[in-house]
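Please read the structure below before turning to the comments.
Just so it is clear, none of the values below were taken in a lab; they were calculated from the coordinates. Because the structure is predicted, anything quoted here is derived from the model rather than measured. Here the Cβ positions follow ideal geometry from the backbone for every residue, glycine too, while neighbour counts run over all protein chains shown.
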Amino acid sequence: ARSNGKHPGGRPSRFTNALAGEICRRLAAGQSLREICRDPSMPQDPTTVRMWVISGQHPTFSSQYALAREAQADHYFDEMFEIADDGSNDWMERHRHGEVVLESNHEVINRSRLRVDTRKWALARMSPKKYGDQVAVAPGGSGESLRPIVIMIRTSAGEVPAVSIGGNGERHISAPLA
């Protein structure tokens, strides 16, 4: 507070449940934290909000924030289909030799591709288990079995037991050779 007893005004930097709820609502609706913080009624610096999440002082907000980020990822996922399915500006009319000719608008098409690719990239990092590329490695998947891994440790005193992990995931410990 100022010496005259009035608050200096400006943007909020103190945590309130109402402010936290609005931040989570807007994140879930697809807004970025940077975009939210551009609003004069929100904290100016996204770091302020991130500190509320990681400080441990607001555990309810931390869990709500995590859920809002999951909902934000789902929003981006849905948005990708809208972008990909919107062909409204993919064609443009050109006048050539007195005729109207339709040509593809490569600038719009490439921009849409960039928007979808950016969302795919972000989703793979925001929620890798749900939206990331998954590579499954399973023994016998292509008719081949996995070779076992054998680890031998030698010291100045001689060999110590070897640990091997078989193709089926079983672990074996063998005695040192004499």
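Rounded to the nearest 0.05, what FRET efficiency do residue 133 and residue 18 have when you use their Cβ-Cβ distance and R0 = 45 Å? Don't skip to the answer; put the middle values down first.
Values: r = 39 Å, r/R0 = 0.87.
Taking R0 as 45 Å, the efficiency between residue 133 and residue 18 is 0.70.
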Exercise. Mind giving me the nanometre distance, one decimal, between the label points for residue 25 and residue 55, set 7 Å out from Cα along Cα→Cβ?
Key: 2.3 nm
Exercise. Place a label point 7 angstrom from the Cα of residue 118 along the Cα-to-Cβ direction, then list the residues of the range 91-109 whose backbone nitrogen is under 17 Å away.
Key: 107-109
Quiz item: Once both labels are modelled 7 Å past Cα along the beta-carbon direction, what's the residue 47-residue 66 spacing in nm?
Solution: 2.5 nm
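Report the gain in length on full extension from residue 32 to residue 91: 0.36 nm times residue separation, minus Cα-Cα distance, nm rounded to one decimal.
That works out to 18.2 nm of additional length.
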